[in-house]
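The values are calculated or read from the model by the stated rules, or taken from the named source; none is laboratory data. Note that the structure is predicted; figures quoted are calculated from it, not measured. Methodologically, a virtual Cβ is constructed for each residue, glycine included, from the backbone with ideal geometry; neighbour enumeration extends over all protein chains shown. Surface accessibility is based on the protein's heavy atoms, side chains included, excluding ligands, DNA and RNA. Shrake-Rupley method; radii C 1.70, N 1.55, O 1.52, S 1.80 Å.
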Amino acid sequence: MKGLIFDIQRSSFVDGDGVRTTVFFKGCNLKCKWCHNPEGIKNYKEMLFYKSKCTGCGLCRKICQNNEKECTLCGNCALICPNDAKEICGKEYNTGELFEIIQRDKALYSQTGGGVTFSGGECMLQIDFLRSILEKCYENGINTAVDTAGNVPFSYFEKILPYVNTFLYDVKCIDEELHKEHTGVSNTLILENLERLIKAGKRIVVRTPVIGGFNDTDKELFRIFNYLKGKGIEKAELLPYHNMGAHKYEGLSLPFKEFAAPSKDFMEKYKKVFSTV
Ligand code: SF4
Ligand code: SF4
């Protein structure tokens, strides 16, 4: 069995407890307007091309055995480009290959209370592969976390429950229409799944991206806070909007929409509020 992965980041401090390896699965069923990993949306391998880096040297055309007409995504042009103007996004791994990379930092996980985090995209859309790698990590004593937007049938969660230490669960807003407008999907299933996960007794860290013009209002943030308060989740984290993924939109030839980042004071105020859930 193979999984399609678009990035593996070792020594991450932002995707759960301690030092972690974060594995990004390709494919997502939300279309968040502020997405900072747009290369993770499509569930297939693709070529990114950065026009602003290309000098027109022609090396890529010379090396292509298909005259660039029927691209097989072999990656030769990306390898030869002297300016990194081309990039193949997405690589298949089997369970053993991926586990070999994850276990390299096992000592570091033990020292820091860290482990592996499966993210994306939406890692749960490749549920059978996810289950297979989770099981392997869990049985080898590696702490596991699953970072999910939760928009999948609950039966998917049931397949992996025994092998997950922590769920990092996105709650973007409570207002259904607002959710639909900014992510392309309703949040009904997402919130139902969260309630069922809580009932199942899983350790859950809720994460909310704070996006200017979307949910950065007292009304919406308090709706989220009031919804979460007393529910039995481990903690709720707020993540301020950033535009660090902007260049990837050029690579994918997609229009980039900039959102406003919340101020430091605003974030501090709400971090204090959310620390009491
Ligand atoms: S090799 Fe790179 S810089 Fe040269 S033409 Fe191709 S994409 Fe452009
Ligand atoms: S990825 Fe391979 S087939 Fe596609 S354009 Fe580049 S060299 Fe040609």
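The residues of region 216-260 that are under 22 Å from Val277 (Cα atoms), in contact with a Pro (Cβ under 9 Å, 6 or more places away or on another chain) and buried (at least 19 other Cβ atoms within 10 Å of the Cβ), listed by number, are Asp216, Leu238, Tyr241. Selection of region 7-24 for residues being closer than 18 Å to Leu134 by Cα, open to solvent by 30 Å² or more (accessible area, probe 1.4 Å) and in a strand (DSSP E or B) yields Asp7, Ile8, Gln9, Arg10.
Residue check: Met244 meets all listed conditions (1) at pLDDT 95 or above; (2) out of contact with any Phe, Trp or Tyr (no Cβ under 8 Å at 6 or more places or on another chain) but one, namely (1). Of Leu238, Leu194, all but one fail to be assigned to a helix (DSSP H, G or I) and either assigned by TED's automatic domain parsing to the domain that holds Gly150 or closer than 17 Å to Cys32 by Cα (or both); the exception is Leu194. Pairs linking a residue in region 55-66 that is touching a residue at least 24 places away in the same chain (Cβ under 8 Å) to a residue that is among the basic types (Lys, Arg) and near ligand 1 (Cβ under 8 Å from one of its atoms), with Cβ atoms under 8 Å and 6 or more positions apart or on different chains, are Cys60/Lys86.
One residue alone among Asn66, Asn29 is in a loop (DSSP other than H, G, I, E, B) and touching a helix residue (DSSP H, G or I) at 6+ places or on another chain (Cβ under 7 Å), and that residue is Asn29.
Filter region 48-66 for residues that are within 33 Å of the chain's Cα centre (by Cα) and more than 10 Å from ligand 2 (Cβ to nearest atom); which is nearest to Gly90 (Cα to Cα)? Going through the qualifying residues, I end up with Leu48. Restricting attention to region 72-92, the residues that are open to solvent by less than 80 Å² (accessible area, probe 1.4 Å), part of a loop (DSSP other than H, G, I, E, B) and more than 8 Å from ligand 1 (Cβ to nearest atom) add up to 3. Scanning region 25-38 for residues being open to solvent by 20 Å² or more (accessible area, probe 1.4 Å) and not polar (S, T, N, Q) gives a total of 7. Of the residues examined, Asn226 is not one that is under 19 Å from the mean Cα position of the chain (by Cα) and not in a strand (DSSP E or B).
Restricting Leu134, Leu108 to residues that are surrounded by 14 or more Cβ atoms within 10 Å (Cβ to Cβ), without any contact (Cβ under 8 Å) to a residue 60 or more places away in the chain and either away from ligand 1 (no atom under 15 Å from the Cβ) or assigned by TED's automatic domain parsing to the domain that holds Asn151 (or both) narrows the list to Leu134. Just one of (1) among the small types (Gly, Ala, Ser); (2) within 19 Å of the chain's Cα centre (by Cα); (3) open to solvent by 20 Å² or more (accessible area, probe 1.4 Å) fails for Gly213. It is (2). Can you tell which of Thr183, Thr117 is out of contact with any Ser or Thr (no Cβ under 8 Å at 6 or more places or on another chain), touching a residue at least 12 places away in the same chain (Cβ under 8 Å) and among the hydroxyl-bearing types (Ser, Thr, Tyr)? It is Thr183.
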